[in-house]
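What follows is a short report on a single structure.
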Amino acid sequence: MANEQAPFSSDMALRRAAAGFARPTAWRSALQLVTSFGPFLAGCAAMYLAYPVSPLLALALSLPTGALLVRIFIVQHDCGHGSFFTSPLANTATGRLCSLITFTPYANWGRQHAAHHANWNNLDRQSAGSDIYSACLTVREYLALTPWRRFLYRLPRHPLIANVLLPPLVFLLLYRVPFDTPAAWTRERWSVWLTDLALVALFGSLVALFGWREVLLIHVPIMVVASILGVWLFSLQHRFETSRWLGHGDWSFVEAALEGSSYFQLPPVLHWLTGNIGFHHVHHLNPRVPNYRLGACHEAVQALRPVRALSLRGGLGAPRLTLWDEARGRLVRFADVAV
């Protein structure tokens, strides 16, 4: 009986440790708004100033500015989890403000993302939706498909398509319509259309002030950079070399959080830039932990149960891991599967 109780007690200890950090601090959240929006808006201003002098210089500035946009997306992400402020109203207002910068409808994306947190790395509950980045088939399921269906499955998951071509299309075009939003989600569908109206007003004003060419050639590159970086981060959060996918009734919340979500070990400046989302394992352990407390939460959890780190080099190769090999108990590439 004692042996049967041990895993449960361990899980409870881990969840209690994470819960101790699930409290936003008003001044830290306010400071993060300043350090997120401030540098990003400064980058945009620098691009507008540079454009008349050198369009190529303005284009080069889209790299750091786009990277800074990832940090604003993390603020929106935290607001959706109710973890950025204690006030639901403040979370909603801030999340909606972020959505005008990220081009991502706040309520619609937030509810879709909540569904992800209810079901990840679970081979028995694969999503039938449009998420190709945190879902995968088993090798057996893949080989059971017809050659044509296998081709259709592989095509959008090719690294160049999934991580370079699709991300800008998703954020710039697909998020303009409720393409995968259930009809019953009335509030979320309205959030898409209202975000579009607000974007028309915002960028219509910018066009009136600066001209359509300047606005187009400044903000589209920013979104291209941000979407590619953001989707790459998202794609390796559950598909990496040592990730565990569980099925046949073996799935558990804590196991899927710590063994199925990545601890992406980055230099401090990159953790700052990406809003600490590299500590994704503790984020799944408790989504109410604000991003600026994830590092401390990781240290507390690591003391109870160490998890292996994913290196930057490993993160670069992770998007190629697309199928779960049940025989070998690990993720593999399409090239590793004999057809």
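The values are calculated or read from the model by the stated rules, or taken from the named source; none is laboratory data. All values reported here derive from a predicted model rather than from experimental measurement. Because the Cβ atoms are built from the backbone with ideal geometry, glycine has one as well, and the counts that use them run over all protein chains shown. Ligands, DNA and RNA are stripped out before the accessible areas are found, and what is left, the full protein with its side chains, is counted by its heavy atoms. Shrake-Rupley method; radii C 1.70, N 1.55, O 1.52, S 1.80 Å.
The table below gives the values:
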item: Subset of the range 67-84 that is over 15 Å from the mean Cα position of the chain (by Cα) and buried (at least 21 other Cβ atoms within 10 Å of the Cβ) - its residue that is nearest to F21 (Cα to Cα); result: S83
item: Scan of the range 119-138 for residues that are modelled with pLDDT of 85 or more, more than 21 Å from I161 (Cβ to Cβ) and either open to solvent by 50 Å² or more (accessible area, probe 1.4 Å) or not aromatic (F, W, Y) (or both), ordered by number; result: N121, N122, L123, T138
item: All positions within the range 195-223 that are open to solvent by 60 Å² or more (accessible area, probe 1.4 Å), in contact (Cβ under 8 Å) with a residue 24 or more places away in the chain and closer than 21 Å to L97 by Cβ; result: L202
item: Which listed residue, of L41, L69, L89, is touching a residue at least 60 places away in the same chain (Cβ under 8 Å), assigned to a helix (DSSP H, G or I) and of a type in the set (A, V, I, L, M); result: L69
item: Search result, residues across the range 33-43 that are open to solvent by less than 40 Å² (accessible area, probe 1.4 Å) and touching a helix residue (DSSP H, G or I) at 6+ places or on another chain (Cβ under 6 Å); result: S36, F40, G43
item: Qualifying helices (runs of 4 or more DSSP H) (wholly inside the range 227-339; at least 3 residues being at pLDDT 90 or above and either in contact with a Pro (Cβ under 6 Å, 6 or more places away or on another chain) or open to solvent by less than 10 Å² (accessible area, probe 1.4 Å) (or both)); result: 253-260, 280-285, 294-304
item: Filter result (in a helix (DSSP H, G or I) and open to solvent by 10 Å² or more (accessible area, probe 1.4 Å)) within the range 51-66; result: P55, L56, L57, L59, A60, L61, L63, P64
item: Residue match in the range 163-182 (condition: without any contact (Cβ under 8 Å) to a residue 40 or more places away in the chain, under 16 Å from F334 (Cα atoms) and outside any helix (DSSP H, G or I)); result: no
item: Residues located in the range 57-66, provided they are more than 20 Å from the chain's Cα centre (by Cα), free of Cβ contacts under 8 Å to residues at least 24 places away in the same chain and within 20 Å of P168 (Cα to Cα); result: A60, L61
item: Any hit, the range 148-161, residues being in a helix (DSSP H, G or I), of a type in the set (K, R) and open to solvent by 80 Å² or more (accessible area, probe 1.4 Å); result: yes
